[in-house]
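The structure appears below as structure tokens.
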Amino acid sequence: MEELADKKKALTLSDQARIVFKWVLDPIAVFFNRLGIMPNTMTILGLVGNAIGAFFLVQGDFLFGGLIILVMGLVDTLDGTMARLRGESSDFGAFVDSVTDRYSELVIFCGLLFYYISQVDWLAIALVYLSAAGSILVSYVRACAQSVGIETKVGLLTRLERYLVLVPALVFNIPIVGLWIIAIFANLTALQRILDVRRQFRSKSNQKRGL
């Protein structure tokens, strides 16, 4: 029972969302599979779509850019589901998906950065930088932990939470609010993961001493 509870705790909001909305995602994924679209193609389409959304952000059109990024969020969830239904899930596919997710986030932040540079809004520029840095560090800390045999998924603001903060902020034309939240809590999430890795290392060390 304790192991099952630990597994549930290890699930991120993204993992839980895929389970909850499986009944919606699976039929859509089946449809695209029947069209002959490959999962990795869907991954690239998501990146291209986010780049288009970022283009509108550069123009200051937060509503349309936000709506495009919203749609791309659905596309992003489909590649893994499509691969699973095709029986083609692989570590390389997960790797490509993860890397593309980081590029998508950076493209979106880049769009906001160019817009605020054009407005000479130094506070907003700083918030975009801190948001991008925190977002990348959340994933980087986890990757570094995995490289030494530690898994950490804890944190207040993983990718889906950041998405759920940023998209409404764009659509309702209050991007600064979203940036403040991400700038603060993404970096706190990275710190949470660093502390979690430290805790796990200490736990392993204590176990070895007890043997």
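The values are calculated or read from the model by the stated rules, or taken from the named source; none is laboratory data. Just so we're clear, the structure is a prediction, and the values are computed from it rather than from any experiment. Using ideal geometry, Cβ is built from the backbone for each residue, glycine included, and neighbour counts are taken over all protein chains shown.
Values for this structure:
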read-out: Looking only at the range 149-164, and only at residues there that are part of a helix (DSSP H, G or I) and without any contact (Cβ under 8 Å) to a residue 60 or more places away in the chain, the one that is farthest from ILE69 (Cα to Cα); value: ARG162
read-out: Residues of the range 50-106 satisfying the condition of being more than 13 Å from the chain's Cα centre (by Cα), surrounded by 20 or more Cβ atoms within 10 Å (Cβ to Cβ) and of a type in the set (Asp, Glu); value: ASP79
read-out: Check on LEU113, free of Cβ contacts under 8 Å to residues at least 60 places away in the same chain, farther than 28 Å from LEU195 by Cβ and in contact with a helix residue (DSSP H, G or I) (Cβ under 9 Å, 6 or more places away or on another chain); value: yes
read-out: Given (1) out of contact with any Gly (no Cβ under 9 Å at 6 or more places or on another chain); (2) surrounded by fewer than 17 Cβ atoms within 10 Å (Cβ to Cβ); (3) in a helix (DSSP H, G or I), number of the condition PRO168 does not satisfy; value: (1)
read-out: Looking only at the range 1-51, and only at residues there that are at pLDDT below 80 and of a type in the set (Lys, Arg), the one that is nearest to GLU105 (Cα to Cα); value: ARG18
read-out: Filter result (of a type in the set (Gly, Ala, Ser), more than 18 Å from the chain's Cα centre (by Cα) and buried (at least 17 other Cβ atoms within 10 Å of the Cβ)) within the range 109-132; value: ALA124
